[in-house]
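Read the figures in this text as sums done on the coordinates, not as results from a lab. What you see is a predicted model, and the numbers here were worked out from it, not measured in a lab. Quick reminder, even Gly has a Cβ in these numbers, built from the backbone with ideal geometry, and neighbours come from all protein chains shown.
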Amino acid sequence: MTDLETSAAGRGALRRAAPALLGYAAVRALGLLALALWSAARDKSAYTLLTARWDSLWYTRVAELGYGYEVRLPGGDVHSNLAFFPLLPWLERLGAAVSPLSYADAGFVVSLLASLAAAWGIFAVTEWMYGRRAGVCAVLLWAVLPVGVVQSMAYSESLFTALAAWSLYAVLTGRWVTAGVLAALAGLTRPVGLAVAAAVWVAAIAAHVRGRDGAAPERPRGDAARRVLGMLLAPLGAAGYVLWVGHRTGGGPLGYLDVQAGWRNGFDGGAAFARFVAGKFTSFPSALAGVGLVVGVAALVWLYVVCVRQRQPLALLVYAGFVIALALCASSYFGSKPRLLLPAFPLLLPLALALARLRTSRSALVVGGVAVASAVYGAFWLNGSGPP
């Protein structure tokens, strides 16, 4: 394609995505307005809640001072900033270097831009599979998630989701090198970046098998080499950072796990989470929360089964499965699990298809009602005592 053709294709893609992006921006604006009003009523700063609390403080500290900071708690736990992957702090440092923004301000800007990029990526994936209307619905459903306010925080969820969605889109459209590069960047953003690398690997292997068996259309010359290169690139971000942490701490290749253990975080197959849920049933009204958790986990499993039955592309199934497993089977920070599931957007596609079948007026009413509820809940959630 010539530069002119590429530019025209880009403008066409943006025009197709415009309703989704405008709807997404409207939902997020409603959420931020609700947060500002709720915070003002409680004499708190909404902007501080978005940029200078909890994990966002750890990211800005990495951006400003680099790695090596840790907090030793009375019980012996060691909270090291090596637990936080570097891409967001690098972007915060870059933003502060080229503008008058503070590190926290730069993190907020990165999050806002990345959330729009994530919405566009979700639209692109869904449109490729099910059409434009379903793509718009998928983006709106992602926007109105109860924990959607995190998409506007100086956290790494929006950045990671953007990289993951566009990497998956590159896989679906056969752009293997692009998919590998984006997967590597996702791996520099969050530990769950391994889910994107796994999706690239499984999809590439499946494409090779189909090609060998003659079940796939003939690919252009050099496609196999690009596929292999994409596979090699995909895990470099996550693997590179984990190995660097192991070298820095002297813990060897698995030294990053020791850093996570200092936060009492690890992978135990979901045993700790199961005990946490079971503990809710020892009294009332906490039993109601236990019922809610059980229903929530059952809904996740049901949605994933529906995704499988709808025969979503293998890359999406692998990616969503990894995100769910890593979120539910982590041994700590149970209150953050909804946030950790935020990047699992393929789970929303069955709901997006159902919403797309409704008349426009009815689907708008559904989305509008859920958006208001999400905005109120997000404001209540961030004004609570614990981290999201």
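When each of Thr178, Thr161 is scored by the number of other beta-carbon atoms lying within 10 Å, the sequence from fewest to most is Thr178, Thr161. The length gained by stretching the chain between Thr173 and Ala261 to full extension, at 0.36 nm per residue less their Cα-Cα distance, is 27.8 nm.
Taking a ≥ b ≥ c as the square roots of the eigenvalues of the Cα gyration tensor of the stretch 256-388, is the shape rounded (a/c under 1.5), prolate (a/b larger than b/c) or oblate? Oblate, because a/c is 1.5 or more while a/b does not exceed b/c. Here the relative contact order of the chain, from alpha carbon pairs under 8 Å that lie six or more residues apart, stands at 21 percent.
Computed from the Kirkwood radius of its Cα pairs, the Stokes-Einstein diffusion coefficient for the stretch 205-320 at 10 °C and 1.306 mPa s stands at 84 µm²/s. For the chain, a Gaussian network of Cα nodes joined below 10 Å ranks Ile205, Ile122, Ile324 by mean-square fluctuation, and the top entry is Ile205. In deg cm²/dmol, rounded to 500, what helix-only [θ] at 222 nm does the chain give when every DSSP H run of at least 4 residues adds -39500 (n - 2.57) and the total is split over its residues? It comes out at -23000 deg cm²/dmol, rounded to the nearest 500. Toward the positive end of the charge dipole of the chain, with +1 on the Cβ of Lys and Arg and -1 on the Cβ of Asp and Glu, the farthest Cα among Leu353, Ala198, Phe322 is that of Leu353. Taking label positions 7 Å along the Cα-Cβ direction at both Arg210 and Ala274, the computed distance is 3.7 nm, reported to one decimal. Net charge within 15 Å of Ala18 by Cβ-Cβ distance, Lys/Arg positive one each and Asp/Glu negative one each, not counting Ala18 itself? Taking every Cβ under 15 Å from that of Ala18, the sum is +4. Helices assigned as whole DSSP H runs in the chain whose Cα atoms extend at least 27 Å along their own long axis and whose mean Kyte-Doolittle hydropathy is 1.6 or higher are found at 286-309. Spatial offset of the stretch 53-114 relative to the stretch 314-386 amounts to 25 Å, using the alpha carbon center of each. Would you work out if the stretch 130-185 is rounded, prolate or oblate? Take a ≥ b ≥ c from the square roots of the eigenvalues of the alpha-carbon gyration tensor; rounded if a/c is under 1.5, else prolate when a/b is larger than b/c, oblate otherwise. Here the stretch 130-185 falls in the oblate category. Each Lys or Arg adds one and each Asp or Glu subtracts one; over the other residues with Cβ under 12 Å from the Cβ of Leu229, this totals +2. Normalising the Debye intensity of the stretch 1-147 to I(0), with uniform scatterers on Cα atoms only, and taking log10 at q = 0.09, 0.16 Å⁻¹ returns -0.42, -1.03. Remark: Arg28, Arg132 ranked as Arg132, Arg28, counting other beta-carbon atoms within 10 Å and listing the fewest first. Around Leu326, what is the net charge, scoring Lys/Arg as +1 and Asp/Glu as -1 over all other residues with Cβ under 11 Å from its Cβ? Neighbourhood net charge equals +2.
Within the stretch 105-166, which chymotrypsin sites (Phe, Trp or Tyr not before Pro) sit in a loop by DSSP and count at most 14 neighbouring Cβ atoms inside 10 Å? If you can, show how the numbers build up before the last one.
On the way: sites: Phe108, Trp120, Phe123, Trp128, Tyr130, Trp142, Tyr155, Phe160, Trp166; in loops: Tyr155.
When the chymotrypsin sites (Phe, Trp or Tyr not before Pro) of the stretch 105-166 are filtered for loop state and at most 14 Cβ neighbours within 10 Å, nothing remains.
Ranked by how many other Cβ atoms sit within 10 Å of their own Cβ, fewest first, the residues Val376, Val291, Val196 fall in the order Val291, Val376, Val196.
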